[in-house]
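The values are calculated or read from the model by the stated rules, or taken from the named source; none is laboratory data. Computed from a predicted model, the values in this text were never measured in an experiment. For neighbour counting, all protein chains shown are included, and Cβ atoms are generated from backbone atoms with ideal geometry for every residue, glycine included.
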Amino acid sequence: MLFRQSLSKIVSAMNHPFFPDKTYTRIDFKESGLPKGEYENCSFSDCDFYQSDLNGILFTGCTFTGCNLSLADLTGTAFRDVRFIDCKMLGLRFEQCNGFGLSFSFENCLLNHSSFFQAKIRKTAFSNSQLRETDFTESDLSGAVFENCDLADASFEKTNLEKADLRSTVNYSIDPENNRIKKARFSLDGIPGLLTRFDIVIE
């Protein structure tokens, strides 16, 4: 039985296309779709993945620059040490990703209306990005850094924000009694965002 299982895994790996160190520029994947497989150290520049099927694809050490990934299907998609720069990523459901080794960073990205529900994304870096109406309910953001981000109407409910850095981020509303914020860093200007539930006026 063990031999059959091992043989099955080997055959599966052999049938799993591997794409290392490739560059994809200005390709429209909306119609053709990105071929299924494993992409390692690949670069995607100005590519269009709008509503495309990324189901089960593995990205390791890849960089997406200036791409549109809005409403893409991320069911079982694996992102491991992936960078998103200047990307449009509206309405993405990151909780549907393969959670094993899930790690990425975002710079100058539009992530409005996306969801990280229950996602374990410790130490994730969000820089100069919009995360309006984004759902972080029950996610693990411990040690995460939000640098110059807009979190207007983002949802934080039973979220782990311990040691997270939100000093330069604006428009957040976080209930200290319903989220874990031990040793999280906030600026004085951001204090009102921690007191919203008390319905008080700070001048």
Problem set entry | Given (1) at pLDDT 90 or above; (2) buried (at least 16 other Cβ atoms within 10 Å of the Cβ), index of the condition Leu194 fails | (1)
Problem set entry | Selection count, region 9-33, where residues are assigned to a loop (DSSP other than H, G, I, E, B) and at pLDDT 95 or above | 4
For this session: For Ala125, work out the one condition from (1) closer than 24 Å to Ser45 by Cα; (2) buried (at least 21 other Cβ atoms within 10 Å of the Cβ); (3) aliphatic (A, V, I, L, M) it doesn't fulfil.
Result: (2)
For this session: Just give me the residues in region 27-37 being exposed (fewer than 11 other Cβ atoms within 10 Å of the Cβ) and not small (Gly, Ala, Ser), in sequence order.
Result: Glu31, Pro35
For this session: Could you list, in sequence order, all residues of region 91-109 that are among the aliphatic types (A, V, I, L, M) and either over 16 Å from Phe49 (Cα atoms) or surrounded by fewer than 19 Cβ atoms within 10 Å (Cβ to Cβ) (or both)?
Result: Leu102
Exercise. Which residue pairs have Cβ atoms under 6 Å apart, sit 6 or more places apart or on different chains, and have a first residue in region 39-50 that is part of a strand (DSSP E or B) and a second that is among the charged types (D, E, K, R) and surrounded by fewer than 22 Cβ atoms within 10 Å (Cβ to Cβ)?
Worked result: Asp48/Asp28; Asp48/Lys30
Exercise. How many residues are touching a helix residue (DSSP H, G or I) at 6+ places or on another chain (Cβ under 8 Å) and either surrounded by fewer than 20 Cβ atoms within 10 Å (Cβ to Cβ) or of a type in the set (D, E, K, R) (or both) if we restrict to region 111-122?
Worked result: 2
For this session: Being touching a helix residue (DSSP H, G or I) at 6+ places or on another chain (Cβ under 9 Å) and not in a strand (DSSP E or B) is the filter here, so list the residues in region 73-110 that pass it.
Result: Leu74, Thr75, Gly76, Thr77, Leu102
For this session: Hey, could you check region 145-161 for residues that are among the small types (Gly, Ala, Ser) and surrounded by fewer than 24 Cβ atoms within 10 Å (Cβ to Cβ) and say which is nearest to Phe116 (Cα to Cα)?
Result: Ser155
For this session: Could you tell me which numbered condition Ser70 fails, if it satisfies all but one of (1) out of contact with any helix residue (DSSP H, G or I) (no Cβ under 6 Å at 6 or more places or on another chain); (2) surrounded by fewer than 20 Cβ atoms within 10 Å (Cβ to Cβ); (3) part of a loop (DSSP other than H, G, I, E, B)?
Result: (2)
